[in-house]
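Colleague: Structure incoming, see below.
The values are calculated or read from the model by the stated rules, or taken from the named source; none is laboratory data. No experiment lies behind these values; they were computed from the predicted model shown. Heads up, the Cβs are rebuilt from the backbone with ideal geometry, glycines too, and the neighbour counts pull from every protein chain shown. We work out accessible area using only protein heavy atoms, side chains counted, and drop any ligands, DNA or RNA first. Shrake-Rupley method; radii C 1.70, N 1.55, O 1.52, S 1.80 Å.
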Amino acid sequence: MDWKEILRRRLATPNTGTHKKKSEQELKDEEMDLFTKYYSEWKGDRKNTNEFYKTIPRFYYRLPAEDELLLQKLREESRAVFLQRKSRELLDNEELQNLWFLLDKHQTPPMIGEEAMINYENFLKVGEKAGPKCKQFFTAKVFAKLLHTDSYGRISIMQFFNYVMRKVWLHQTRIGLSLYDVAGQGYLRESDLENYILELIPTLPQLDGLEKSFYSFYVCTAVRKFFFFLDPLRTGKIKIQDILACSFLDDLLELRDEELSKESQETNWFSAPSALRVYGQYLNLDKDHNGMLSKEELSRYGTATMTNVFLDRVFQECLTYDGEMDYKTYLDFVLALENRKEPAALQYIFKLLDIENKGYLNVFSLNYFFRAIQELMKIHGQDPVSFQDVKDEIFDMVKPKDPLKISLQDLINSNQGDTVTTILIDLNGFWTYENREALVANDNENSADLDDT
(Lines give C-alpha, C1' and ligand atoms only; values in the text may rest on other atoms or scores of the structure.)
Protein backbone atom coordinates (compact mmCIF):
# COMPACT_ATOMS: atom_id res chain seq x y z
CA MET A 1 0.00 0.00 0.00
CA ASP A 2 1.21 3.45 -0.88
CA TRP A 3 2.45 5.43 2.18
CA LYS A 4 0.38 8.44 1.06
CA GLU A 5 -2.78 6.37 1.39
CA ILE A 6 -1.77 5.17 4.85
CA LEU A 7 -1.21 8.75 5.98
CA ARG A 8 -4.63 9.82 4.64
CA ARG A 9 -6.38 7.00 6.58
CA ARG A 10 -4.44 7.81 9.73
CA LEU A 11 -5.48 11.42 9.59
CA ALA A 12 -9.09 10.49 8.89
CA THR A 13 -9.29 8.18 11.94
CA PRO A 14 -10.92 10.02 14.90
CA ASN A 15 -9.11 10.21 18.27
CA THR A 16 -10.04 7.36 20.62
CA GLY A 17 -9.88 7.27 24.40
CA THR A 18 -6.39 5.78 24.28
CA HIS A 19 -5.11 8.83 22.33
CA LYS A 20 -6.89 11.43 24.42
CA LYS A 21 -5.05 14.77 24.56
CA LYS A 22 -3.36 15.32 27.96
CA SER A 23 -4.19 18.36 30.05
CA GLU A 24 -1.56 20.99 30.86
CA GLN A 25 -1.33 19.80 34.47
CA GLU A 26 -0.79 16.20 33.40
CA LEU A 27 2.01 17.27 31.06
CA LYS A 28 3.69 19.18 33.89
CA ASP A 29 3.40 16.20 36.24
CA GLU A 30 4.88 13.91 33.62
CA GLU A 31 7.73 16.33 33.01
CA MET A 32 8.48 16.53 36.74
CA ASP A 33 8.45 12.73 37.04
CA LEU A 34 10.90 12.40 34.17
CA PHE A 35 13.13 15.12 35.62
CA THR A 36 13.16 13.48 39.06
CA LYS A 37 13.93 10.10 37.51
CA TYR A 38 16.83 11.30 35.37
CA TYR A 39 18.23 13.63 38.08
CA SER A 40 18.22 10.80 40.61
CA GLU A 41 20.03 8.54 38.16
CA TRP A 42 22.59 11.24 37.38
CA LYS A 43 23.14 12.07 41.04
CA GLY A 44 23.58 8.41 41.90
CA ASP A 45 26.14 7.91 39.12
CA ARG A 46 27.96 11.09 40.21
CA LYS A 47 28.27 9.84 43.75
CA ASN A 48 29.59 6.51 42.58
CA THR A 49 32.18 8.02 40.26
CA ASN A 50 33.30 10.88 42.55
CA GLU A 51 33.84 9.41 45.99
CA PHE A 52 36.48 12.01 46.81
CA TYR A 53 33.72 14.63 46.98
CA LYS A 54 32.85 13.25 50.40
CA THR A 55 36.24 14.40 51.76
CA ILE A 56 35.78 18.13 50.87
CA PRO A 57 35.53 19.97 54.21
CA ARG A 58 32.68 22.32 54.95
CA PHE A 59 33.78 25.91 54.34
CA TYR A 60 30.57 27.90 54.81
CA TYR A 61 28.80 28.32 58.12
CA ARG A 62 25.69 30.44 58.23
CA LEU A 63 25.67 33.21 60.82
CA PRO A 64 22.83 32.98 63.36
CA ALA A 65 19.80 35.12 62.55
CA GLU A 66 18.70 37.88 64.93
CA ASP A 67 15.90 35.74 66.36
CA GLU A 68 18.20 32.73 66.97
CA LEU A 69 19.26 33.92 70.43
CA LEU A 70 20.61 30.57 71.62
CA LEU A 71 22.87 30.18 68.57
CA GLN A 72 24.07 33.77 68.93
CA LYS A 73 24.93 33.18 72.60
CA LEU A 74 26.75 29.95 71.72
CA ARG A 75 28.77 31.76 69.05
CA GLU A 76 29.72 34.58 71.46
CA GLU A 77 30.77 32.17 74.20
CA SER A 78 32.83 30.00 71.84
CA ARG A 79 34.63 33.09 70.47
CA ALA A 80 35.37 34.28 74.01
CA VAL A 81 36.84 30.90 74.93
CA PHE A 82 38.91 30.88 71.73
CA LEU A 83 40.30 34.36 72.42
CA GLN A 84 41.11 33.43 76.04
CA ARG A 85 43.04 30.40 74.80
CA LYS A 86 44.97 32.56 72.33
CA SER A 87 45.71 35.05 75.09
CA ARG A 88 47.16 32.32 77.31
CA GLU A 89 49.53 31.34 74.47
CA LEU A 90 51.23 34.76 74.62
CA LEU A 91 54.33 35.53 76.66
CA ASP A 92 53.62 37.32 79.94
CA ASN A 93 55.97 39.81 81.64
CA GLU A 94 57.74 37.16 83.70
CA GLU A 95 58.40 35.01 80.64
CA LEU A 96 59.69 38.03 78.72
CA GLN A 97 62.08 38.84 81.56
CA ASN A 98 63.28 35.23 81.56
CA LEU A 99 63.83 35.41 77.79
CA TRP A 100 65.92 38.58 78.19
CA PHE A 101 67.99 36.90 80.93
CA LEU A 102 68.69 33.87 78.68
CA LEU A 103 69.64 36.05 75.70
CA ASP A 104 71.99 38.13 77.83
CA LYS A 105 73.55 34.98 79.28
CA HIS A 106 74.24 33.50 75.80
CA GLN A 107 75.55 36.62 74.08
CA THR A 108 78.39 36.09 71.63
CA PRO A 109 81.44 38.41 71.97
CA PRO A 110 82.74 40.78 70.84
CA MET A 111 80.13 43.50 71.47
CA ILE A 112 79.58 46.26 68.92
CA GLY A 113 79.92 49.36 71.03
CA GLU A 114 77.41 48.71 73.80
CA GLU A 115 75.26 46.38 71.69
CA ALA A 116 75.26 42.71 72.70
CA MET A 117 75.18 40.18 69.82
CA ILE A 118 74.30 36.49 69.50
CA ASN A 119 75.22 33.91 66.86
CA TYR A 120 72.95 31.23 65.40
CA GLU A 121 74.30 28.43 67.58
CA ASN A 122 73.59 30.28 70.83
CA PHE A 123 70.33 31.54 69.35
CA LEU A 124 69.13 27.91 69.04
CA LYS A 125 70.32 27.10 72.57
CA VAL A 126 68.22 29.95 73.98
CA GLY A 127 65.26 28.68 71.93
CA GLU A 128 65.52 25.25 73.57
CA LYS A 129 65.64 26.72 77.09
CA ALA A 130 63.06 29.48 76.65
CA GLY A 131 60.05 27.15 76.56
CA PRO A 132 57.32 26.15 74.06
CA LYS A 133 55.74 29.63 73.87
CA CYS A 134 58.97 31.05 72.44
CA LYS A 135 59.47 28.33 69.83
CA GLN A 136 57.86 30.34 67.04
CA PHE A 137 60.49 33.10 67.41
CA PHE A 138 63.58 30.90 67.27
CA THR A 139 63.57 29.97 63.58
CA ALA A 140 66.14 30.36 60.82
CA LYS A 141 63.73 32.70 59.04
CA VAL A 142 63.57 35.12 61.97
CA PHE A 143 67.35 35.01 62.44
CA ALA A 144 67.94 35.72 58.73
CA LYS A 145 65.45 38.57 58.81
CA LEU A 146 67.42 40.31 61.57
CA LEU A 147 70.86 39.48 60.15
CA HIS A 148 72.47 42.53 58.55
CA THR A 149 76.17 43.22 58.02
CA ASP A 150 77.83 41.68 61.06
CA SER A 151 81.12 40.06 59.96
CA TYR A 152 80.64 37.26 62.51
CA GLY A 153 77.16 36.37 61.28
CA ARG A 154 75.41 37.52 64.46
CA ILE A 155 72.27 39.47 65.21
CA SER A 156 71.61 42.16 67.80
CA ILE A 157 70.04 40.81 71.01
CA MET A 158 68.15 44.09 71.51
CA GLN A 159 66.73 44.01 67.97
CA PHE A 160 65.59 40.42 68.43
CA PHE A 161 63.99 41.16 71.79
CA ASN A 162 62.21 44.21 70.35
CA TYR A 163 60.97 41.99 67.51
CA VAL A 164 59.51 39.52 70.03
CA MET A 165 57.95 42.37 72.06
CA ARG A 166 56.36 43.83 68.92
CA LYS A 167 54.92 40.46 67.91
CA VAL A 168 53.49 39.88 71.38
CA TRP A 169 52.02 43.40 71.41
CA LEU A 170 50.40 42.88 68.00
CA HIS A 171 48.79 39.61 69.11
CA GLN A 172 47.60 41.16 72.37
CA THR A 173 46.11 44.11 70.52
CA ARG A 174 44.45 41.86 67.95
CA ILE A 175 42.84 39.83 70.71
CA GLY A 176 41.76 43.05 72.44
CA LEU A 177 40.18 44.41 69.25
CA SER A 178 38.55 41.05 68.47
CA LEU A 179 36.65 41.23 71.76
CA TYR A 180 34.75 44.18 70.24
CA ASP A 181 34.10 42.38 66.94
CA VAL A 182 30.42 41.66 67.58
CA ALA A 183 29.89 39.95 64.20
CA GLY A 184 33.01 37.81 64.62
CA GLN A 185 33.98 38.39 61.00
CA GLY A 186 37.38 40.04 61.50
CA TYR A 187 36.26 43.65 61.18
CA LEU A 188 34.98 46.45 63.41
CA ARG A 189 31.96 48.61 62.72
CA GLU A 190 31.92 52.26 63.76
CA SER A 191 30.03 51.49 66.97
CA ASP A 192 32.50 48.68 67.82
CA LEU A 193 35.52 50.98 67.47
CA GLU A 194 33.74 53.69 69.46
CA ASN A 195 33.26 51.25 72.35
CA TYR A 196 36.93 50.18 72.15
CA ILE A 197 38.26 53.76 72.31
CA LEU A 198 35.78 54.82 75.00
CA GLU A 199 36.96 52.02 77.29
CA LEU A 200 40.59 52.80 76.38
CA ILE A 201 40.43 56.44 77.55
CA PRO A 202 40.92 55.74 81.30
CA THR A 203 44.15 53.81 80.49
CA LEU A 204 45.74 56.78 78.68
CA PRO A 205 47.36 59.22 81.17
CA GLN A 206 47.60 61.97 78.54
CA LEU A 207 43.78 62.11 78.42
CA ASP A 208 43.29 62.43 82.18
CA GLY A 209 42.48 66.12 81.82
CA LEU A 210 39.50 65.55 79.52
CA GLU A 211 36.06 66.28 80.95
CA LYS A 212 33.69 63.30 80.80
CA SER A 213 31.20 65.49 78.96
CA PHE A 214 33.77 65.74 76.13
CA TYR A 215 34.30 61.95 75.84
CA SER A 216 31.69 61.47 73.12
CA PHE A 217 33.25 64.22 70.98
CA TYR A 218 36.73 62.84 71.59
CA VAL A 219 35.65 59.33 70.58
CA CYS A 220 33.97 60.69 67.43
CA THR A 221 37.15 62.64 66.56
CA ALA A 222 39.40 59.60 67.06
CA VAL A 223 37.16 57.07 65.27
CA ARG A 224 36.71 59.38 62.29
CA LYS A 225 40.44 59.24 61.45
CA PHE A 226 40.36 55.44 61.34
CA PHE A 227 37.32 55.35 59.06
CA PHE A 228 38.38 58.24 56.81
CA PHE A 229 41.68 56.57 55.88
CA LEU A 230 40.92 52.85 56.28
CA ASP A 231 37.39 52.74 54.83
CA PRO A 232 37.68 54.69 51.55
CA LEU A 233 34.63 52.94 50.04
CA ARG A 234 32.54 53.97 53.08
CA THR A 235 31.35 50.43 53.86
CA GLY A 236 31.00 51.26 57.55
CA LYS A 237 33.51 48.65 58.71
CA ILE A 238 37.29 48.22 58.90
CA LYS A 239 39.36 45.03 58.93
CA ILE A 240 41.16 44.46 62.22
CA GLN A 241 44.25 43.58 60.17
CA ASP A 242 44.17 47.04 58.56
CA ILE A 243 43.93 48.70 61.98
CA LEU A 244 46.98 46.76 63.16
CA ALA A 245 48.94 47.47 59.96
CA CYS A 246 48.54 51.26 60.09
CA SER A 247 50.27 53.61 62.52
CA PHE A 248 47.09 55.11 64.01
CA LEU A 249 46.90 52.64 66.87
CA ASP A 250 50.55 53.37 67.73
CA ASP A 251 49.71 57.10 67.82
CA LEU A 252 46.71 56.44 70.07
CA LEU A 253 48.59 54.18 72.48
CA GLU A 254 51.48 56.66 72.55
CA LEU A 255 49.25 58.64 74.92
CA ARG A 256 50.15 56.09 77.64
CA ASP A 257 53.47 57.90 77.93
CA GLU A 258 53.13 60.32 80.86
CA GLU A 259 56.17 62.30 79.68
CA LEU A 260 55.05 62.79 76.07
CA SER A 261 56.47 66.07 74.77
CA LYS A 262 54.28 69.04 73.87
CA GLU A 263 55.48 68.88 70.24
CA SER A 264 54.47 65.21 69.97
CA GLN A 265 51.04 65.99 71.40
CA GLU A 266 50.47 68.81 68.92
CA THR A 267 51.24 66.55 65.94
CA ASN A 268 49.23 63.59 67.29
CA TRP A 269 45.61 63.69 66.07
CA PHE A 270 44.50 61.61 69.08
CA SER A 271 46.02 63.84 71.78
CA ALA A 272 43.81 65.97 74.01
CA PRO A 273 45.19 69.31 72.66
CA SER A 274 44.58 68.20 69.07
CA ALA A 275 41.01 67.00 69.73
CA LEU A 276 40.18 70.19 71.65
CA ARG A 277 41.69 72.30 68.84
CA VAL A 278 39.53 70.64 66.17
CA TYR A 279 36.36 70.80 68.25
CA GLY A 280 37.13 74.39 69.29
CA GLN A 281 37.45 75.40 65.62
CA TYR A 282 34.07 73.81 64.94
CA LEU A 283 32.42 75.76 67.78
CA ASN A 284 34.04 79.02 66.63
CA LEU A 285 32.71 78.52 63.10
CA ASP A 286 29.19 77.78 64.40
CA LYS A 287 28.08 81.39 64.79
CA ASP A 288 24.36 80.64 65.27
CA HIS A 289 25.16 77.93 67.88
CA ASN A 290 22.81 75.35 66.39
CA GLY A 291 25.46 72.61 66.43
CA MET A 292 25.72 72.58 62.62
CA LEU A 293 27.69 74.50 60.00
CA SER A 294 26.18 76.28 57.03
CA LYS A 295 28.14 77.03 53.86
CA GLU A 296 28.63 80.62 55.01
CA GLU A 297 29.98 79.48 58.38
CA LEU A 298 32.34 76.93 56.81
CA SER A 299 33.69 79.60 54.43
CA ARG A 300 35.57 81.10 57.41
CA TYR A 301 37.58 77.88 57.87
CA GLY A 302 41.37 78.32 57.93
CA THR A 303 42.39 81.54 56.22
CA ALA A 304 38.82 82.08 54.91
CA THR A 305 40.10 82.07 51.31
CA MET A 306 38.44 78.95 49.90
CA THR A 307 36.32 79.62 46.82
CA ASN A 308 32.53 79.55 46.86
CA VAL A 309 32.57 77.14 43.93
CA PHE A 310 34.52 74.59 45.97
CA LEU A 311 32.32 75.08 49.05
CA ASP A 312 29.23 74.57 46.87
CA ARG A 313 30.66 71.21 45.79
CA VAL A 314 31.36 70.26 49.43
CA PHE A 315 27.70 70.75 50.34
CA GLN A 316 26.53 69.02 47.16
CA GLU A 317 28.59 65.86 47.65
CA CYS A 318 28.92 65.48 51.44
CA LEU A 319 26.26 64.33 53.86
CA THR A 320 24.28 67.32 55.16
CA TYR A 321 21.11 67.88 57.18
CA ASP A 322 18.82 70.53 55.73
CA GLY A 323 21.84 71.99 53.94
CA GLU A 324 24.05 72.09 57.03
CA MET A 325 27.07 70.02 58.04
CA ASP A 326 27.37 68.10 61.32
CA TYR A 327 30.57 67.47 63.32
CA LYS A 328 31.28 64.07 61.76
CA THR A 329 31.11 65.45 58.21
CA TYR A 330 33.25 68.39 59.32
CA LEU A 331 35.91 65.97 60.60
CA ASP A 332 36.12 64.34 57.16
CA PHE A 333 36.54 67.80 55.64
CA VAL A 334 39.35 68.71 58.10
CA LEU A 335 41.14 65.35 57.66
CA ALA A 336 41.09 65.80 53.88
CA LEU A 337 42.46 69.34 53.93
CA GLU A 338 45.10 68.67 56.60
CA ASN A 339 46.43 65.53 54.86
CA ARG A 340 46.35 66.46 51.17
CA LYS A 341 49.33 64.29 50.31
CA GLU A 342 47.49 61.12 51.40
CA PRO A 343 45.58 59.06 48.79
CA ALA A 344 42.39 58.99 50.89
CA ALA A 345 42.42 62.80 51.20
CA LEU A 346 43.08 63.22 47.47
CA GLN A 347 40.21 60.85 46.73
CA TYR A 348 37.90 63.02 48.86
CA ILE A 349 38.95 66.27 47.12
CA PHE A 350 39.07 64.67 43.65
CA LYS A 351 35.42 63.66 43.99
CA LEU A 352 34.55 67.31 44.64
CA LEU A 353 36.61 68.54 41.68
CA ASP A 354 35.12 65.94 39.30
CA ILE A 355 31.97 67.98 38.65
CA GLU A 356 30.88 65.81 35.70
CA ASN A 357 31.42 62.51 37.55
CA LYS A 358 33.56 61.21 34.70
CA GLY A 359 36.39 59.85 36.83
CA TYR A 360 38.88 62.39 35.51
CA LEU A 361 39.59 66.13 35.41
CA ASN A 362 39.74 67.83 32.01
CA VAL A 363 40.40 71.40 30.94
CA PHE A 364 36.73 72.31 31.57
CA SER A 365 36.93 71.09 35.21
CA LEU A 366 40.16 72.96 35.88
CA ASN A 367 38.82 76.15 34.32
CA TYR A 368 35.56 75.85 36.29
CA PHE A 369 37.40 75.97 39.62
CA PHE A 370 40.21 78.34 38.65
CA ARG A 371 37.75 80.99 37.43
CA ALA A 372 36.67 81.36 41.07
CA ILE A 373 40.32 81.92 42.06
CA GLN A 374 40.60 84.62 39.38
CA GLU A 375 37.46 86.34 40.70
CA LEU A 376 38.82 86.36 44.27
CA MET A 377 42.08 87.85 42.98
CA LYS A 378 40.13 90.72 41.38
CA ILE A 379 38.21 91.29 44.64
CA HIS A 380 41.52 91.51 46.54
CA GLY A 381 42.99 93.93 43.97
CA GLN A 382 45.40 91.43 42.43
CA ASP A 383 45.99 90.94 38.71
CA PRO A 384 44.36 87.63 37.64
CA VAL A 385 46.76 85.00 36.34
CA SER A 386 46.10 83.48 32.90
CA PHE A 387 44.26 80.13 33.12
CA GLN A 388 46.26 78.78 30.15
CA ASP A 389 49.50 79.23 32.08
CA VAL A 390 48.11 77.52 35.19
CA LYS A 391 46.59 74.71 33.13
CA ASP A 392 49.92 74.02 31.43
CA GLU A 393 51.71 74.04 34.80
CA ILE A 394 49.24 71.57 36.27
CA PHE A 395 49.57 69.13 33.37
CA ASP A 396 53.36 69.48 33.49
CA MET A 397 53.37 68.69 37.22
CA VAL A 398 51.03 65.70 37.01
CA LYS A 399 52.20 64.23 33.67
CA PRO A 400 49.00 62.17 33.21
CA LYS A 401 48.89 59.07 31.02
CA ASP A 402 46.27 60.76 28.85
CA PRO A 403 47.54 64.28 27.95
CA LEU A 404 43.97 65.64 28.08
CA LYS A 405 42.71 64.00 31.28
CA ILE A 406 43.94 63.79 34.88
CA SER A 407 42.77 60.75 36.83
CA LEU A 408 42.93 60.26 40.59
CA GLN A 409 45.72 57.75 40.12
CA ASP A 410 47.65 60.30 38.02
CA LEU A 411 47.41 62.78 40.91
CA ILE A 412 48.58 60.20 43.46
CA ASN A 413 51.46 58.97 41.28
CA SER A 414 52.71 62.49 40.58
CA ASN A 415 53.21 63.33 44.28
CA GLN A 416 51.90 66.77 43.34
CA GLY A 417 48.26 66.19 44.27
CA ASP A 418 48.39 68.48 47.30
CA THR A 419 49.80 71.36 45.22
CA VAL A 420 47.31 70.90 42.37
CA THR A 421 44.27 70.76 44.63
CA THR A 422 45.44 73.77 46.66
CA ILE A 423 45.85 75.85 43.47
CA LEU A 424 42.26 75.11 42.47
CA ILE A 425 40.35 75.59 45.73
CA ASP A 426 42.15 78.14 47.93
CA LEU A 427 43.28 81.66 47.03
CA ASN A 428 45.85 81.76 49.83
CA GLY A 429 47.24 78.41 48.70
CA PHE A 430 47.45 79.60 45.10
CA TRP A 431 49.16 82.85 46.16
CA THR A 432 51.71 80.86 48.20
CA TYR A 433 52.42 78.62 45.21
CA GLU A 434 52.65 81.55 42.78
CA ASN A 435 55.10 83.41 45.03
CA ARG A 436 57.04 80.37 46.25
CA GLU A 437 60.40 81.61 44.89
CA ALA A 438 60.09 85.01 46.55
CA LEU A 439 59.04 83.37 49.84
CA VAL A 440 62.04 81.02 49.77
CA ALA A 441 64.39 83.93 49.06
CA ASN A 442 62.84 85.90 51.94
CA ASP A 443 63.29 82.94 54.32
CA ASN A 444 66.94 82.66 53.30
CA GLU A 445 67.49 86.38 53.96
CA ASN A 446 65.89 86.10 57.41
CA SER A 447 68.11 83.09 58.22
CA ALA A 448 71.21 85.02 57.13
CA ASP A 449 70.19 88.00 59.33
CA LEU A 450 69.80 85.67 62.32
CA ASP A 451 73.23 84.15 61.67
CA ASP A 452 74.81 87.63 61.55
CA THR A 453 73.33 88.56 64.90
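Colleague: Rounded to the nearest 0.05, what FRET efficiency is calculated for Y215 and Q84 with R0 set to 30 Å and r the Cβ-Cβ distance?
Modeller: Details: r = 29 Å, r/R0 = 0.96.
Calculated value: 0.55.
Colleague: Please work out whether the chain counts as rounded, prolate or oblate from its C-alpha gyration tensor, where a ≥ b ≥ c are the square roots of the eigenvalues and a/c under 1.5 means rounded, while otherwise a/b larger than b/c means prolate and anything else oblate? Kindly include the intermediate steps, with their values, before the conclusion.
Modeller: Numbers: a/c = 2.17, a/b = 1.27, b/c = 1.70.
Because a/c hits 1.5 or more and a/b fails to exceed b/c, the chain counts as oblate.
Colleague: While we're on this one: Taking square-rooted eigenvalues a ≥ b ≥ c of the alpha carbon gyration tensor, is region 301-437 rounded, prolate or oblate, where a/c under 1.5 means rounded and, failing that, a/b exceeding b/c means prolate? Intermediate values should be presented prior to the final figure.
Modeller: On the way: a/c = 1.58, a/b = 1.16, b/c = 1.37.
In terms of gyration-tensor shape, oblate.
Colleague: Moving on to the next point. Cα gyration tensor of region 183-275, axes a ≥ b ≥ c as square roots of the eigenvalues: rounded (a/c below 1.5), prolate (a/b > b/c) or oblate?
Modeller: Details: a/c = 1.97, a/b = 1.63, b/c = 1.21.
Prolate is the answer for region 183-275, as a/c is 1.5 or above and a/b outweighs b/c.
Colleague: Further question: Give me the percent relative contact order of region 183-275, please, defined on Cα pairs under 8 angstrom at least 6 residues apart.
Modeller: On the way: 83 pairs, mean separation 34.0, N = 93.
Value for region 183-275: 37 percent.
Colleague: Now for a different question. Which of the aspartates and glutamates could be linked to K105 by a straight reach, that is with a Cα gap under 16 Å, when you skip same-chain ones fewer than 8 residues away?
Modeller: Candidates past the 8-residue exclusion: E95, E114, E115, E121, E128.
Colleague: Right, something else. For the pair D312 and R234, how long in nm is the line joining their label points, each one 7 Å along Cα→Cβ?
Modeller: Label-label distance for D312 and R234, simple model: 2.1 nm.
Colleague: Assigning unit charges at the beta carbon (Lys, Arg +1; Asp, Glu -1) and nothing else, what dipole magnitude in debye, to the nearest 20, does region 68-180 show about its Cα centre?
Modeller: Numbers: 17 positive and 13 negative charges, 89 e Å.
With Lys and Arg at +1 and Asp and Glu at -1, about 420 debye.
Colleague: Still on this structure, please answer the following. Please give the solvent-accessible surface of D288 in Å², to the nearest 10, using a probe radius of 1.4 Å with every protein chain present.
Modeller: D288 has an accessible surface of roughly 80 Å² with all protein chains in place.
Colleague: State the extension gain, in nm to one decimal, for the chain segment bounded by A344 and S151, taking 0.36 nm per residue of separation less the distance between their alpha-carbons. Show your work: numbers first, answer last.
Modeller: Values: separation 193, 0.36 × 193 = 69.48 nm, distance 4.41 nm.
Contour length minus the Cα-Cα distance gives 65.1 nm.
Colleague: Counting Lys and Arg as +1 and Asp and Glu as -1, each charge on the Cβ, what is the dipole of the chain about the Cα centre in debye, to the nearest 20?
Modeller: Working: 58 positive and 74 negative charges, 711 e Å.
Roughly 3420 debye, rounded to the nearest 20.
Colleague: Name the residue farthest towards the positive end of the dipole of the chain from the options L311, I406, Y433, assuming +1 on Cβ of Lys and Arg, -1 on Cβ of Asp and Glu, about the Cα centre.
Modeller: I406
Colleague: Less than 23 Å apart at the alpha-carbon level, and either on another chain or at least 8 residues along: which lysines does that give for K28?
Modeller: Cross-link targets: K20, K37, K43.
Colleague: If the limit is 31 Å between Cα atoms, which of K141/K262; K341/K378; K141/K341; K86/K341 go over it? Numbers along the way, then the final one.
Modeller: Numbers: K141/K262 40 Å; K341/K378 29 Å; K141/K341 36 Å; K86/K341 39 Å.
Exceeds cut-off: K141/K262; K141/K341; K86/K341.
Colleague: Now a separate question. Need the C-alpha centroid separation for region 28-43 versus region 64-142, integer Å.
Modeller: First find each Cα centre; the distance between them is then 59 Å.
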